[in-house]
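The values are calculated or read from the model by the stated rules, or taken from the named source; none is laboratory data. These numbers come from a predicted model, not from an experiment. Here the Cβ is made from the backbone with ideal geometry for all residues, glycine too, and neighbour counts use every protein chain on show. The accessibility values were calculated without ligands, DNA or RNA, using every heavy atom of the protein model including side chains. Shrake-Rupley method; radii C 1.70, N 1.55, O 1.52, S 1.80 Å.
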Amino acid sequence: MKIQYIRKLTASYMVLAQCEELQEWEKKMIAHAPKGNIVFAECVQENGEKYLWYNITGKQALDVVLETETLSYDMLCNVLNGIYEAVQQLEGMLLPAQSILLSAESIFVDYRTRQISFCYYPGNPMPLPEAFRTFMEYLLTRLDHSDERAVKAAYDIYGQSSAGGVELKELKSLLLMPYEKDEAKTEPESLDDTEPEEPETYAAVGQTEQDGKRDASIWKQIFRGESTVQELLAAVWEKLWKTTGGAAGRPVGEKAGRLTGGAAGRPAGEKAGRVTGKAAASGDKGRTGRWKIGGNMKNAQKEQEPFVFEPEEEEHKSANPTVLLAGISQKPEGILRYEGTGGYSDLVIEKDNYVIGSAAECDGRIPSATVSRRHAKISKRGTVFFIEDLNSSNGTRVGGELLNYKTGMSLQKNEVVMFADEKFRFI
């Protein structure tokens, strides 16, 4: 099936060759069709041939949308629910459901409402079950595999369609029941006052029942923000001193856990857990991390000179230092210089696929009311830049020529590009 896209001044169309004449009753049903998600065509005769013109103004083909978006569970539901609604609508109009086109290039998404639209093609030769199975195979290649629900739903439905067990009018129930979020699991767990598990270092030290209660209390206070890590360290040191012989292994200090001098293995400080000295600052493994516990009271009480931080000698700087070039941005190869009156910025093309529009997520943003949310796209192939219109409302012109949807045109240096009424020059 050959698809053409034709752009008029105020509308955009997908054009297909007509393969079957509509019956008079079908024409009447279509003429009085209720608003829904089915696009009916206008029949136009040219050079003895009849063509169906589908008005797709303001819509994006699904294959174009999935070039920049992955298929999440929500989008999968949106697309498959759209098929379900289209089948229901056609059956209500006594029209054959097989006549809807299930291909990514003929399914359209409205960027503002996210509504899915399907084209009615009378005489469609492909049976609906086969068309649906082929369409599901395509969707599997676009799945967001980090979305567990999307993966489960898509593969399950595809498996049933391959086995011939899927009725399209049952799609809604297939999507909702097995793959809904378990809301009970998303509720926060109730808080309780159970004590947090103690670290293995605590269990390794033999403590009395009273000490164990005190330990748990300290941990509980820390988890609740009522105690500090320094107080925890002080408690740890007190435990270690008790297990190594009490007074024989504990230096003199006014507070439990306070250490003085270097002989005890820890430099002096007013707060437990504070480390000073060159060894701690420089990261010398031979001088940090191993504090000597034990000795006698005489050695423990002997004054020691505190550690003094000595800055390392400055390394000799080379006259020609090596510079890492990976992080330095290179000059962009393409720029659209703004020449309009709205005061907008130039567009610097720094990607091989560069989307331009008024939406904040676009690579090149033109915050104008006349520019569509996703207006156009510039692609780089080798050394040549190509621009194509993304079915924008007010069109894209290159050198004065209005672009058709999905029709790329190469950009030449100094060429004028118009996004709606905003003027740029490619340099």
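Structural remarks
- When the range 335-377 is filtered for residues that are hydrophobic (A, V, I, L, M, F, W, C), outside any strand (DSSP E or B) and open to solvent by less than 30 Å² (accessible area, probe 1.4 Å), the ones remaining, listed by number, are 359, 362, 366, 371.
- Single condition residue 401 does not satisfy, out of (1) farther than 20 Å from residue 346 by Cα; (2) acidic (Asp, Glu); (3) within 31 Å of the chain's Cα centre (by Cα): (3)
- Qualifying residue in the range 99-107 (condition: at pLDDT 90 or above, more than 24 Å from residue 150 (Cβ to Cβ) and either of a type in the set (Phe, Trp, Tyr) or in contact with a helix residue (DSSP H, G or I) (Cβ under 8 Å, 6 or more places away or on another chain) (or both)): yes
- Among the residues making up the range 108-131, those that are more than 30 Å from residue 146 (Cα to Cα) and in contact with a Leu (Cβ under 6 Å, 6 or more places away or on another chain) are 119, 121, 122.
- All conditions but one from (1) within 29 Å of residue 32 (Cβ to Cβ); (2) β-branched (Val, Ile, Thr); (3) modelled with pLDDT of 90 or more apply to residue 113; the one that does not is (3).
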